[in-house]
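Q: I'd like to ask some things about the structure below.
Derivation of every value follows stated rules applied to the coordinates shown; laboratory data play no part. For clarity, every value in this text was computed on a predicted model and none was experimentally measured. Neighbour counts are summed over all protein chains in view; Cβ atoms, including those assigned to glycine, are modelled from backbone coordinates with ideal geometry.
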Amino acid sequence: MAKAIMIQGTMSNAGKSLLAAGLCRIFRQDGYRVAPFKSQNMALNSFITEDGLEMGRAQVMQAEAAGIAPDVRMNPILLKPTTDTGSQVIVQGEVLGDMDARKYFAYKKNLMPLVLEAYNSLAAEYDIIVIEGAGSPAEINLKKDDIVNMGLARAVGAPVLLAGDIDRGGVFAQLLGTQMLLEPEEQALLKGFIINKFRGDKTILDPGIAMLEERGGVPVVGVVPFMQLDIDDEDSLAPRLTQTNRPPAGKPVEIAVIRLPHLSNFTDFNVFSRIPEADLRYVSRPEALGSPDMVILPGTKNTMADLRWLFASGMADAIDELRSRGCVIFGVCGGYQMLGREISDPDRTEEGGRARGLGFLDTETVFSREKRRTRVCGRITDLPGTLRPLGGMEIEGYEIHMGRTTVGNCEDSGPAASDRTDSDSTNSDNTDSASMYSIRPDCFCRIQDHRTGIETPDGTAAGNIYGTYVHGLFDGPGIARRIVEILAEHKGVTLKSTAENPLNNAAETDYQTYKETQYDLLAETLRRHLDMKRIYEILEES
């Protein structure tokens, strides 16, 4: 069986995911077969594996750092919040059902055998398992039947490193207070403290470290600096999401992502942040929207509630005004559904009833209990409007949604979608129509399901309005960069070539290759600031 080490945190966003990823990379570099594991993840950023199962993106990122394919065993339980008190519960990659917090708290102990089955299966195949906890192990109201922090560490005999976030202040109280609230047998598993996100002169911190070790009786195995890395973050506390409504940065191209209340899969758009001439902003107030070159409506775990928010907040009117001026509007998954005339929910998948859409596309969406989960590849069609030059570019990504969208009289992104042929649509650059229904829609792309091999049209394009169910399409080689170039050309701005601006090399590089460099940089930084000799000794104690 594999040896194990567990990273827990004093709070959410203490840096557990990144530290775990860095250890995965280091162990891999040192010649070990290593896999990540997190028994229960709560996140709206999810991923679909090659076998069509759903898991949290943090463990996908950690698997990439470990040099292995994502496997749903690495995250056997995923909670996707649908309301302030309820979540969709996904077990072993498939939907178990919706539960409110109290019901899930009472039910979760039944899932521990499945958690251990997944862990033991991985442990039989790898040398080292790097386990990530969730939240804080000192949430004393949740400790009963814990399956993700100390409860899991005790079950698998994993030594624990506790990370505190000094950037948010009070790190000594965080670490010592957490330790004090642990049971004696849990304290025995705590083998080291990590002070994370440090800025400044470490020598000033040294007296505090000495007192921390004296009072806690546990060594500080590292003081990790605040790292500026471009690595996917699934947490809603990610800086790119908390710094909403900032003014434009004055770059040649501006892209505004609507910060929906139930925003999901925001990593779809991270690639734009790597393009020097592009300013990617998240916006939640109409007055902060300004005059971007493209507005993106992202995915959401509660499409109908977020659609109501668009109207109530005034954001719908602001987006419609931009549409009337020819701005490119792009919807992904739930954002695509919002662009149509209507959304209905006869089975109460979300809230039931019907909701009026933005009316930019001649589409209707009906929710059902069945979730479509698959990886796809394909090609963008001959598009109308500003993004016409994207036609023919290859894409790859995944679908994860519980709705079926009808385009005119043909169903989109489902078996019946094959009934719609290219001859059923015509191109048009017209964006002035108030209803858009006079524009006959094209599909946005043609895709092939990795598992079935079936090819279907996906999404809709009419004028400068584009929608698709494919997550991750912007990560395809050259696609994000080409979109930025198109938007710049449309406004009469000529961007420097890659040769003239070396910073563009990152944007032109294959995204996976770029991510590999970031994982190596993460590992290099952690090697300098963690006591890896001591960590290997702790690992031997597991």
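Q: To the nearest 20 debye, what charge dipole does the chain have about its Cα centre, counting +1 at the Cβ of each Lys and Arg and -1 at the Cβ of each Asp and Glu?
A: 900
Q: May I pose another question? P(r) for the chain: what percent of alpha-carbon pairs falls in each 10 Å bin, starting at zero?
A: P(r) over the chain, rounded to whole percents: 4, 18, 27, 25, 16, 8, 2, 0.
Q: Using the charge dipole of the chain (Lys, Arg: +1 at Cβ; Asp, Glu: -1 at Cβ; taken about the Cα centre), state which of I194, G208, V295 has its Cα farthest towards the positive end.
A: The listed residue farthest towards the positive side: G208.
Q: Mind checking the dipole of the stretch 38-131: about its Cα centre, +1 per Lys or Arg Cβ, -1 per Asp or Glu Cβ, Debye to the nearest 20?
A: 460
Q: Please compute, for the alpha-carbon atoms of the stretch 26-71, the extent along each of the three principal axes and give them in descending order in Å.
A: 33, 21, 14
Q: Counting only DSSP beta bridges with both residues in the chain, tell me the antiparallel percent, nearest 5.
A: 55
Q: Among the listed pairs K3/K533; K109/K301; K3/K108; K144/K301, which are separated by more than 22 Å between their Cα atoms?
A: Those over the limit are K109/K301; K3/K108; K144/K301.
Q: Using the Cα gyration tensor of the stretch 189-320, with a ≥ b ≥ c the square roots of its eigenvalues, what is the shape: rounded (a/c below 1.5), prolate (a/b larger than b/c) or oblate (neither)?
A: prolate
Q: Please work out the Kirkwood hydrodynamic radius for the stretch 72-220, using every pair of different C-alpha atoms, and report it in angstroms with one decimal place.
A: 17.2
Q: Loop only per DSSP, at most 15 neighbouring Cβ atoms within 10 Å: give me the GluC sites (Glu not before Pro) in the stretch 93-162, ordered by residue number.
A: E125, E139
Q: Give the shape of the stretch 295-389 as rounded, prolate or oblate, defined through the alpha-carbon gyration tensor: a ≥ b ≥ c are the square roots of its eigenvalues, a/c under 1.5 means rounded, and otherwise the shape is prolate if a/b is larger than b/c and oblate if not.
A: oblate
Q: Against the 2.2 N^0.38 Å scaling, with N counting residues, where does the stretch 7-92 land? I'd like the Cα-based Rg ratio to two decimal places.
A: 1.11
Q: Could you tell me which of rounded, prolate or oblate describes the stretch 82-158, using a ≥ b ≥ c as the square roots of the eigenvalues of the alpha-carbon gyration tensor, with rounded for a/c under 1.5 and, failing that, prolate when a/b is larger than b/c and oblate otherwise?
A: oblate
Q: How far apart, in nm, are two points set 7 Å out from the Cα along the Cα-to-Cβ line at S324 and at D84?
A: Label-label distance for S324 and D84, simple model: 3.5 nm.
Q: Amide H neighbours of L96 under 5 Å, at least 5 residues apart or on other chains, H built in the peptide plane: list them.
A: V89, I90, V91
Q: Add -39500 (n - 2.57) for each DSSP H run of 4 or more in the chain, then divide by its residues: what number comes out at 222 nm, to the nearest 500 deg cm²/dmol?
A: -8000 deg cm²/dmol
Q: Output the relative contact order of the chain, whole-number percent, from Cα pairs under 8 angstrom with separation of 6+ residues.
A: 14
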